[in-house]
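K.L.:
Dropping the structure in here first, questions after.
What follows draws every value from the coordinates through simple rules; no lab data is involved. All of these numbers come straight from a predicted model, not from anything done at the bench. Ideal geometry is used to build each Cβ from the backbone, glycine not excepted, and the neighbour counts take in all protein chains shown.
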Amino acid sequence: MGSNTLQHLCHQLPYSALLFTRTNLYKGLYPIPRMKIYPLCFTKQMQTTTYEVVKGSYLETSPTKQENKTKDTAPVTLDTVGAFQKLPMVMPSVDILHSALRKARRVTPTKGIANAAKREKNKGAKHLDALMKELTLPLRTYKENFPNKRLLHPYERSLIELTLGDGNYEQVLGRVDSLRKKVVSVGKELASLCAQSTSKREAEERLAEGLKRLEDIYRSDGKAVDELMQIAKTLRAMPVVDLEMPTLCLVGAPNVGKSSLVRLLSTGKPEICNYPFTTRGILMGHIALSYRNFQVTDTPGILRRRDEDRNNLEKLTLAVLANLPTAVLFVHDLTGECGTSPSDQFLIYQEIKERFSSHLWIDVISKCDLLEEESPILYVTENAEDDNSELVKYRKFGPDGALRVSVKSKVGIDELKIRVHELLASQSERLNIQKPEDTKEASSPRKIFI
């Protein structure tokens with residue numbers, strides 16, 4: 001019965017009828033004996049019960065079920081990029097063990113215990129309990145402060161999967177937490193046994209046995225902590241990408257000259273070598289333009305093959321294009337030096353262009369000082385009489401509108417910088433348009449992905 005119904009009934013009865021009654025024997029009013037009067041109070045914080053129809057009947061809905069339903073329908077709030085830089089510093093497992101043993105030795109028995117046996121078993125129980133807590137405190141910190149991969153930004157989630165291997169991150173965190181639970185369980189059991197000792201000697205023996213057992217458990221399973229330390233180092237070294245900053249992503253086949261262009265265009269200093277897959281990760285640089293900073297990323301080269309056959313380096317490049325709001329500078333090498341034939345580069349280019357058609361785009365032909373327009377390079381696997389007019393045209397001139405540059409002779413570099421600046425300005429306008437109005441003035445907005 002709701003509060004409105006109760007109020008309605010009370011208004012129908014006179015207040016005096018609740019307190020008094022009349023009689024024919026006596027004139028006037030008299031109180032009803034043995035009747036207690038309670039005031040009626042109505043508040044907004046009334047407990048309510050909800051029901052649901054099940055097979056034609058009303059069944060009460062439990063609060064737990066309602067809470068779970070609310071949690072299931074709530075959107076999941078994901079962090080923006082930068083989670084890796086917030087990872088806690090992980091100590092080597094041997095350092096954690098030695099520190100815990102040293103601190104546990106400082107434990108003294110409770111003051112005022114005169115009996116030697118009781119004092120020893122009290123000290124032993126406290127010693128084991130202290131060791132258990134000192135060992136598990138760092139592990140609990142790691143468990144709580146390493147982010148759930150499911151709640152990471154898709155870009156950083158891809159970095160974890162492609163850099164560490166699918167599932168390895170969760171497995172290591174799970175093993176660290178299992179070690180914590182095991183130490184807690186065994187430590188409590190050993191402390192309890194020591195507290196139940198009947199003599200001083202028995203308490204000392206149980207303390208020694210307990211210390212050895214906890215140390216053996218930690219040494220045996222502590223490798224997970226060392227693996228987590230390496231994971232933290234690897235992830236913390238990953239480049240941070242600002243989602244609010246316009247970004248230029250250099251893409252192309254291996255060894256076409258992407259890294260050399262990054263060195264010219266930005267503050268990034270990638271490794272320059274003449275072999276495939278020189279870039280073994282995402283390299284980040286910055287461009288200063290009109291008192292504003294822009295990002296430039298160098299990505300691993302892409303080969304002509306199906307997605308399921310690609311290595312993790314190629315998948316990393318695709319993850320950047322798929323998950324970050326980047327403009328694309330696609331680099332083509334028609335000289336034959338890079339190791340990927342122009343025909344294969346043409347097919348790679350068509351695939352990437354079609355897949356990421358919404359990205360702003362610039363095409364660049366590198367090493368133009370080595371090109372001979374009259375006789376384009378042909379690989380053994382290529383057919384000079386190929387009737388594909390687009391491919392024939394591509395071998396000689398590259399894509400329509402492509403800019404020819406040479407890092408060695410500086411040909412086209414100034415024009416390339418102008419084109420890049422224009423592209424990044426357009427990218428900046430696009431990001432401002434796509435950004436919600438209520439977050440444009442926020443200093444550190446958070447994005448929600450459902």
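K.L.:
In terms of modelled amide H atoms, which long-range or inter-chain residues lie less than 5 Å from the amide H of VAL296?
P.N.:
Here LEU248, GLY285, HIS286, ILE287 satisfy the definition.
K.L.:
Karplus couplings for region 304-320 from phi (6.51 cos²θ - 1.76 cosθ + 1.60, θ = phi - 60°), rounded to Hz, Gly and Pro as x?
P.N.:
With coefficients 6.51, -1.76 and 1.60, one gets 7, 6, 6, 4, 5, 9, 6, 7, 5, 5, 5, 5, 5, 4, 5, 5, 4 Hz.
K.L.:
Lys and Arg at +1, Asp and Glu at -1: add these up for the other residues within a Cβ distance under 11 Å of PRO399 and post the number.
P.N.:
Spelling it out: positives minus negatives among the neighbours equals -1.
K.L.:
Tell me the GluC sites (Glu not before Pro) within region 306-355 that lie in a loop according to DSSP and have at most 16 other beta-carbon atoms within 10 Å. Don't skip to the end; give the middle numbers.
P.N.:
Numbers: sites: GLU308, GLU314, GLU337, GLU351, GLU354; in loops: GLU337.
The qualifying sites are GLU337.
K.L.:
Convert each backbone phi in region 105-121 into a coupling constant with the Karplus relation 6.51 cos²θ - 1.76 cosθ + 1.60 (shift: θ = phi - 60°), then list the ³J(HN,Hα) values in order as whole Hz, x for Gly and Pro.
P.N.:
Computed from phi, the couplings for region 105-121 are 5, 7, 5, 10, x, 4, 5, x, 8, 7, 5, 5, 5, 5, 5, 5, 6 Hz.
K.L.:
Another question, then. Once phi is turned into θ = phi - 60°, what whole-Hz ³J(HN,Hα) does the Karplus curve with 6.51, -1.76 and 1.60 give for every residue of region 228-239, x standing for Gly and Pro?
P.N.:
So the Karplus estimates, Gly and Pro as x, are 5, 4, 5, 4, 4, 4, 5, 6, 5, 7, 5, x Hz.
K.L.:
Which GluC sites (Glu not before Pro) in region 119-220 pass both tests, a DSSP loop state and at most 15 other beta-carbon atoms within 10 Å?
P.N.:
none
K.L.:
Give me MET132, MET229 sorted ascending by neighbouring Cβ count inside 10 Å, so fewest comes first.
P.N.:
With the sparsest Cβ surroundings first, the list reads MET229, MET132.
K.L.:
For ILE365, which sequence-distant residues (separation of 5 or more, or a different chain) have an amide H within less than 5 Å of its own amide H, given hydrogens modelled in the peptide plane?
P.N.:
Those lying under 5 Å, H to H, from ILE365 are HIS332, LEU403, ARG404, VAL405.
K.L.:
Moving to a separate point now. Give me PHE346, PHE356 ranked fewest to most by other Cβ atoms within 10 Å of their Cβ, as a rough exposure proxy.
P.N.:
In increasing order of surrounding Cβ atoms, one gets PHE356, PHE346.
K.L.:
Please report ARG140, ARG105, ARG206 as a ranked list, fewest other C-beta atoms within 10 angstrom at the top and most at the bottom.
P.N.:
Sorted ascending by nearby Cβ count, the order is ARG105, ARG140, ARG206.
K.L.:
Of the listed pairs LYS143/LYS233; LYS258/LYS353; LYS123/LYS223, which have alpha-carbon separations greater than 26 Å here?
P.N.:
LYS123/LYS223
K.L.:
Report the full-extension gain for the segment LEU264 to ARG219: residue separation times 0.36 nm, less the Cα-Cα distance, to one decimal in nm.
P.N.:
Contour length minus Cα-Cα distance gives 11.2 nm.
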